[in-house]
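Asker: Handing you this structure, nothing more for now.
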Protein chains: 2
Amino acid sequence: MADHTNIFLKKTFVAITGASRGLGRSIALQFSVNLPANSVIVLMARNSQALESVKFEVMSVAPNIKVLVRNYDQGNLENTDYFKDIFNELLLQNDISRDDFEQYIIVHNCATIGDVTKRSLELSDSTLVRKYYDINLTGMILLNTSFFQTFSDSTKSRVVVNMTSTSTYDPLASFHLYSAGKAARDMYMRVLAVEEPSLRILTFAPGASDTDMAKEVERLCMNKPFLERLKGLRADGKLTRPDTPISKLVQILEENTFENAAYVGFVNC
Amino acid sequence: MADHTNIFLKKTFVAITGASRGLGRSIALQFSVNLPANSVIVLMARNSQALESVKFEVMSVAPNIKVLVRNYDQGNLENTDYFKDIFNELLLQNDISRDDFEQYIIVHNCATIGDVTKRSLELSDSTLVRKYYDINLTGMILLNTSFFQTFSDSTKSRVVVNMTSTSTYDPLASFHLYSAGKAARDMYMRVLAVEEPSLRILTFAPGASDTDMAKEVERLCMNKPFLERLKGLRADGKLTRPDTPISKLVQILEENTFENAAYVGFVNC
């Protein structure tokens with residue numbers, strides 16, 4: 001049962017998706033320096049080499065944290081067993097017992113932006129649209145189930161961080177797939193909160209920061225007014241490093257007073 | 001360009017998904033008696049036999065409307081060309097010219113409820129979760145694109161009716177897949193409205209009515225308080241026939257003053 005005290009006081013098993021770069025890397029680094037010794041951080045993403053590099057960084061700032069790397073493709077829906085035993089296997093392979101922890105956290109950070117070169121009425125590539133929701137919706141749901149089937153003890157603190165965006169509510173031209181996916185995740189989290197009141201669920205929008213996703217938008221987006229806004233933010237130095245919103249995320253989790261599954265945004269512009 | 005007058009005054013080509021029963025059947029029947037002669041209604045669903053039966057009903061109440069039946073599986077994502085030429089082929093096969101119409105309407109009514117026997121944290125069947133969003137999200141987007149790539153003349157009236165539910169905003173235990181899908185469709189429509197201001201987009205929630213979907217919920221749903229509410233509605237005669245909310249839908253489209261892509265609900269309970 002969550003007790004709403006600073007979550008960084010508990011010895012924790014935490015899994016972070018999209019941990020190889022950007023916001024995910026920053027979450028890994030900032031969580032690791034705040035968590036108690038012998039907590040475990042699992043870094044998950046497709047790029048194993050980049051994950052090893054983040055692991056190295058985490059180990060250098062937080063030598064008392066155990067860091068595991070798990071090659072992970074959230075869009076892997078062809079293999080129907082892909083998500084099933086991810087965390088059970090990780091525990092077994094690393095000789096870790098779930099009972100060693102006071103808390104379990106999953107951070108759903110993995111996301112793609114969709115084809116921002118196109119308008120909604122140009123979305124005719126069925127493989128592309130399907131793959132988008134495989135990665136950003138179905139895969140997230142399946143990983144979440146897998147995590148809580150492994151960490152099913154509802155007497156312990158269990159936390160979900162759903163990384164989102166203002167696109168959850170704010171319709172922007174060219175962000176069709178992204179907006180719809182974020183809105184879907186938001187509602188999934190709200191239903192989850194109703195069903196499982198013992199979970200603490202934070203849906204957090206980090207605002208505009210300088211990530212590879214932002215660069216992809218700047219390179220490809222067909223929404224010219226938004227592009228100008230983004231370029232203006234960069235020119236004005238308001239396109240923050242990922243560390244800035246993630247510091248805010250850490251503070252919110254320390255205070256731990258947020259309303260369950262409510263949208264919480266970090267506004268920097 | 002939409003002119004916001006009664007949409008039922010224009011000679012129309014209208015496609016309705018999920019038209020074999022329930023709300024879709026009622027939409028077909030009520031639209032057909034309101035539209036001008038020589039309008040065309042396309043009934044789309046998986047069950048061809050049931051569609052033929054609805055076609056027969058429509059022809060008997062509106063003999064001046066041309067009714068086409070199209071066997072259609074919105075979850076068919078294995079065939080990557082499935083959605084591509086649906087409407088072009090229909091026009092060709094039936095020797096119909098798109099220029100014969102003053103207006104084009106698509107009604108996205110096809111929907112499934114998801115596995116309401118399960119809690120969110122029991123959603124571990126990847127095929128089931130993926131299939132849910134294939135049918136309810138990806139397929140809808142691809143059909144919408146296909147429709148407007150065929151009916152691309154933005155100087156004509158073009159209307160989208162997105163059938164939705166209070167689940168778009170109201171999180172209910174056991175409606176995880178359904179709620180998330182409806183929220184996603186809602187946001188897709190909002191982005192579409194921003195990108196294509198010449199479209200008229202109505203997102204309409206018909207409230208609780210006596211459909212096969214309601215019966216499925218009553219049979220299977222694990223959310224006991226909601227089940228009791230639904231049974232109470234039925235006992236009190238408040239679980240209306242589909243015709244009641246669809247009459248309201250017709251009235252809203254006649255008045256045609258709704259705010260584009262805003263959620264409009266019919267409340268009967």
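The values are calculated or read from the model by the stated rules, or taken from the named source; none is laboratory data. These numbers were taken from a predicted model, which means no experiment stands behind them. Here the Cβ positions follow ideal geometry from the backbone for every residue, glycine too, while neighbour counts run over all protein chains shown. Remember, those area values only see protein heavy atoms, side chains included, never the ligands or the DNA or RNA. Shrake-Rupley method; radii C 1.70, N 1.55, O 1.52, S 1.80 Å.
Asker: So which of B:Ile113, B:Ile86, B:Ile41 is closer than 15 Å to B:Gly18 by Cα and within 14 Å of another protein chain (Cβ to nearest Cβ)?
Answerer: Of the residues listed, the single one that is closer than 15 Å to B:Gly18 by Cα and within 14 Å of another protein chain (Cβ to nearest Cβ) is B:Ile113.
Asker: Please indicate, with yes or no, whether at least one residue in the range A:69-79 is without any contact (Cβ under 8 Å) to a residue 40 or more places away in the chain and at the interface with chain B (Cβ under 10 Å from one of its Cβ atoms).
Answerer: The answer is yes, given that some residue of the range A:69-79 is without any contact (Cβ under 8 Å) to a residue 40 or more places away in the chain and at the interface with chain B (Cβ under 10 Å from one of its Cβ atoms).
Asker: In the range A:69-76, is there at least one residue being basic (Lys, Arg) and touching a helix residue (DSSP H, G or I) at 6+ places or on another chain (Cβ under 8 Å)?
Answerer: Checked against the condition, which is being basic (Lys, Arg) and touching a helix residue (DSSP H, G or I) at 6+ places or on another chain (Cβ under 8 Å), the range A:69-76 yields at least one hit.
Asker: Okay, moving on. So which of B:Gly237, B:Gly265, B:Gly232 is on the phi > 0 side of the Ramachandran plot and open to solvent by 20 Å² or more (accessible area, probe 1.4 Å)?
Answerer: B:Gly237
Asker: Evaluate the range B:139-153: report whether one residue or more is in a loop (DSSP other than H, G, I, E, B), among the small types (Gly, Ala, Ser), within 12 Å of chain A (Cβ to nearest Cβ) and in contact with a Ser or Thr (Cβ under 9 Å, 6 or more places away or on another chain).
Answerer: no
Asker: On to the next question. Test each condition in (1) more than 22 Å from A:Val264 (Cβ to Cβ); (2) within 14 Å of the chain's Cα centre (by Cα) for A:Ala173 and report the one that comes out false.
Answerer: Here A:Ala173 meets the rest and fails (2).
Asker: Just for the range A:154-171: of the residues that are in contact with a helix residue (DSSP H, G or I) (Cβ under 6 Å, 6 or more places away or on another chain) and free of Cβ contacts under 8 Å to residues at least 24 places away in the same chain, which one is nearest to the other protein chains (Cβ to nearest Cβ)?
Answerer: Per the criteria, the residue is A:Pro171.
Asker: Kindly establish whether A:Ser174 is out of contact with any helix residue (DSSP H, G or I) (no Cβ under 7 Å at 6 or more places or on another chain), at the interface with another protein chain (Cβ under 8 Å from one of its Cβ atoms) and closer than 17 Å to A:Tyr132 by Cα. Give the derivation first.
Answerer: Numbers: out of contact with any helix residue (DSSP H, G or I) (no Cβ under 7 Å at 6 or more places or on another chain): yes; at the interface with another protein chain (Cβ under 8 Å from one of its Cβ atoms): yes; closer than 17 Å to A:Tyr132 by Cα: yes.
Yes: the conditions hold for A:Ser174.
Asker: Restricting to the range B:195-217, give me the number of residues that are in contact (Cβ under 8 Å) with a residue 24 or more places away in the chain and within 7 Å of chain A (Cβ to nearest Cβ).
Answerer: Residues meeting the conditions: 1.
Asker: How many residues does the range A:117-138 hold that are more than 9 Å from chain B (Cβ to nearest Cβ) and over 21 Å from the mean Cα position of the chain (by Cα)?
Answerer: 3
Asker: Got at least one residue in the range B:188-208 being surrounded by fewer than 20 Cβ atoms within 10 Å (Cβ to Cβ) and among the basic types (Lys, Arg)?
Answerer: No, the range B:188-208 has no match at all.
Asker: Can you pull out the residues in the range A:230-269 that are free of Cβ contacts under 8 Å to residues at least 24 places away in the same chain and over 28 Å from A:Phe8 (Cα atoms)?
Answerer: A:Leu230, A:Lys231, A:Gly232, A:Ala235, A:Asp236, A:Gly237
A quick yes/no check of all residues on (1) at pLDDT 95 or above; (2) over 21 Å from B:Leu121 (Cβ atoms); (3) crowded, with 18+ Cβ neighbours inside 10 Å:
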position	(1), (2), (3)
A:Asn88	yes, no, no
A:Asn94	yes, yes, no
A:Ile105	yes, no, yes
A:Asp115	yes, yes, yes
